[in-house]
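K.L.:
Questions regarding the structure given below will be posed in turn.
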C-alpha cells in the first residue's frame, strides 16, 4: 500500500454531523486503499474517547485539541494580516510540524478536506494534492452578510471576500479541487475561471444500510402526536436560522389545523436562541442524542427549512433513506437529484411550507420512492468510486 496524508478540520468520528459524516466515509474509503496518516482537530471534548477508533483505521494519527474560545481570539489576527478569520482560526504550529515530518518521510499523496487545512501543504512541492472544498464556503459568509446587521454584516462580507481569495489561491496551486455537486463545481468555475480545468464534483452519499427503515426503533417522542423533525448540529448558523424561522413562522400555521403537531429539533450543542424555542408550544429541543434514527423513524415528516445553504444536505438524504417524506426549501435541495412531488416536497415561504407539512400529516407518503432514489444514486461506495482513480491519475500525470 502507498502512503496518503489526510487533513481534516474536525475529527471524523463519531460521524454525527454533516462534515464528520463525509470525512468518516472518505477515511474508510481511503484507508482501504492507502496507508493513511490523519491530521485533524478535536473541537468537542466528548470526541477524545474515540481516538482509538481513528488509530485502528489509520497508519498514524495526529489529534490536536482545538479550544474554540482561544481560536476565536487568535483568528482576530487575520484583521491585521489580511487573512480570512476562519483560516487564522486553524493556525497551529504543532500541526504544521507534524505535517512537515510526514512529508519528509516521502508521502506523495495528500488529500485535504476543508480549505482552512490547506495552509499546512499550500506551498509544498512534489506530492499530489487533492482539495475537497465540499462547498463554496465563502458564499455562505456572503449569505450571512445579507441577513445580518452591522457590524456583523461588515465582518461577514469581509470574510466572504477574503475566503474567496483563499479558495482561488488553493485551486491554483493544488492538482485538483472537488465540490459536492456539479452545480457547486460549476459555480466555483465561474468564480475561479483560471482553475476551471482542475475542478470536479464528488458527491456525498448516505449509508442506506445504517439509515434503514426496516428496523424496530423505540419511539423517543413523549406524546402520541405528529412530529416534524429537524436534525443537525445546532451551533451551526444555517441550522439555527432554519429552526428559529420554522418554529416561529411555520409551526404556528400548522398548529392552527393540527393543534397537537410538534416540532422536534435534534442535534448537538443547541445555541441559546435554539434552546429558547422550547418555550413555544409543541417545540422539543433534545440536545445531543446517541442515535438520530428513532427520531427519524417515528416522525411524521423530516423538515429541512434552510434559508442559508451550500452543497448537499445530509439531513435530507438521511430522511429519504429512512423512507420518510422530506419537506425542504429550495436551498435544502441544492445538489440533490430528486423528483419533486414524487420523492420529496419543496416549499418556499411560511404558508407554502406549512401547507406541505399538512399534506404529509393528512396522509401523503413519498417515503418509499425517496428511499429508492437514495439506493440508486447516493450509495457511498458509488459516490466515492472515482476518488482513488483521480488521485492516481494525478500522481502519474
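K.L.:
Of everything in region 65-77 that's assigned to a helix (DSSP H, G or I), at pLDDT 70 or above and under 9 Å from residue 89 (Cβ atoms), which residue is nearest to the chain's Cα centre (by Cα)?
P.N.:
Residue satisfying both the conditions and the ranking: 68.
K.L.:
Give me the residue from region 334-373 that is in contact (Cβ under 8 Å) with a residue 60 or more places away in the chain and in contact with a strand residue (DSSP E or B) (Cβ under 6 Å, 6 or more places away or on another chain) and, out of that set, surrounded by the most Cβ atoms within 10 Å (Cβ to Cβ).
P.N.:
357
K.L.:
Sticking with this one: Considering only region 279-288, I want to know if a residue exists there that is in a loop (DSSP other than H, G, I, E, B) and closer than 20 Å to residue 333 by Cβ.
P.N.:
Looking through region 279-288, none of the residues is in a loop (DSSP other than H, G, I, E, B) and closer than 20 Å to residue 333 by Cβ.
K.L.:
What number goes with the only condition from (1) more than 24 Å from residue 373 (Cβ to Cβ); (2) crowded, with 24+ Cβ neighbours inside 10 Å that residue 315 does not pass?
P.N.:
(1) is the only condition that residue 315 fails.
K.L.:
Please enumerate the residues belonging to region 125-148 that are within 18 Å of residue 108 (Cβ to Cβ) and free of Cβ contacts under 8 Å to residues at least 60 places away in the same chain.
P.N.:
Result: 125, 126, 129, 131.
K.L.:
Let me ask you something else. From (1) in contact (Cβ under 8 Å) with a residue 40 or more places away in the chain; (2) part of a helix (DSSP H, G or I); (3) out of contact with any helix residue (DSSP H, G or I) (no Cβ under 7 Å at 6 or more places or on another chain); (4) not assigned by TED's automatic domain parsing to the domain that holds residue 186, pick out the condition that doesn't hold for residue 390.
P.N.:
(4)
K.L.:
I'm trying to understand the selection: among the residues of region 240-286, which are within 18 Å of the chain's Cα centre (by Cα) and exposed (fewer than 14 other Cβ atoms within 10 Å of the Cβ)?
P.N.:
none
K.L.:
Sticking with this one: Condition check: at pLDDT 95 or above, surrounded by fewer than 14 Cβ atoms within 10 Å (Cβ to Cβ), out of contact with any strand residue (DSSP E or B) (no Cβ under 6 Å at 6 or more places or on another chain) and within 21 Å of residue 325 (Cα to Cα). Does residue 209 satisfy that?
P.N.:
no
K.L.:
Which ones in region 241-271 are part of a helix (DSSP H, G or I) and over 20 Å from residue 307 (Cα atoms)?
P.N.:
Across region 241-271, the qualifying residue is only 255.
K.L.:
Can you tell which of 149, 109, 142, 168 is at pLDDT 90 or above, farther than 20 Å from residue 42 by Cα and more than 23 Å from the chain's Cα centre (by Cα)?
P.N.:
109
K.L.:
If residue 189 satisfies all but one of (1) outside the structural domain of residue 15 (by TED's automatic domain parsing); (2) in contact with a strand residue (DSSP E or B) (Cβ under 8 Å, 6 or more places away or on another chain); (3) modelled with pLDDT of 95 or more; (4) surrounded by fewer than 22 Cβ atoms within 10 Å (Cβ to Cβ), what's the number of the condition it fails?
P.N.:
For residue 189, the failing item is (1).
K.L.:
Could I ask something else about it? Give 149, 142 a once-over and let me know the one that is surrounded by 13 or more Cβ atoms within 10 Å (Cβ to Cβ), assigned by TED's automatic domain parsing to the domain that holds residue 14 and not in a strand (DSSP E or B).
P.N.:
That would be 142, the only listed residue that is surrounded by 13 or more Cβ atoms within 10 Å (Cβ to Cβ), assigned by TED's automatic domain parsing to the domain that holds residue 14 and not in a strand (DSSP E or B).
K.L.:
Being in contact with a strand residue (DSSP E or B) (Cβ under 8 Å, 6 or more places away or on another chain) and modelled with pLDDT under 95: is that true of residue 331 here?
P.N.:
No: the conditions fail for residue 331.
K.L.:
Given the options 274, 303, name the one that is assigned to a strand (DSSP E or B) and modelled with pLDDT of 95 or more.
P.N.:
Answer to the selection: 303.
K.L.:
Another question about this same structure. Does any residue in region 49-70 that is touching a residue at least 60 places away in the same chain (Cβ under 8 Å) come within less than 9 Å, Cβ to Cβ, of a residue that is in a helix (DSSP H, G or I) and surrounded by 12 or more Cβ atoms within 10 Å (Cβ to Cβ) six or more places away or on a different chain, and which pairs are these?
P.N.:
Going by the 9 Å Cβ cut-off, there are no qualifying pairs.
K.L.:
Right, something else. Answer yes or no as to whether residue 246 is more than 30 Å from residue 201 (Cα to Cα) and touching a strand residue (DSSP E or B) at 6+ places or on another chain (Cβ under 6 Å).
P.N.:
Considered against the rule, which asks whether it is more than 30 Å from residue 201 (Cα to Cα) and touching a strand residue (DSSP E or B) at 6+ places or on another chain (Cβ under 6 Å), residue 246 comes out as no.
K.L.:
Sticking with this structure for a sec: Considering every residue within region 6-19, establish whether at least one is touching a helix residue (DSSP H, G or I) at 6+ places or on another chain (Cβ under 7 Å) and part of a helix (DSSP H, G or I).
P.N.:
Among the residues of region 6-19, at least one is touching a helix residue (DSSP H, G or I) at 6+ places or on another chain (Cβ under 7 Å) and part of a helix (DSSP H, G or I), which makes the answer yes.
The values are calculated or read from the model by the stated rules, or taken from the named source; none is laboratory data. All values derive from a computational prediction rather than experimental measurement. No Cβ is skipped: glycine too gets one built from the backbone with ideal geometry, and neighbour counts run over all protein chains shown.
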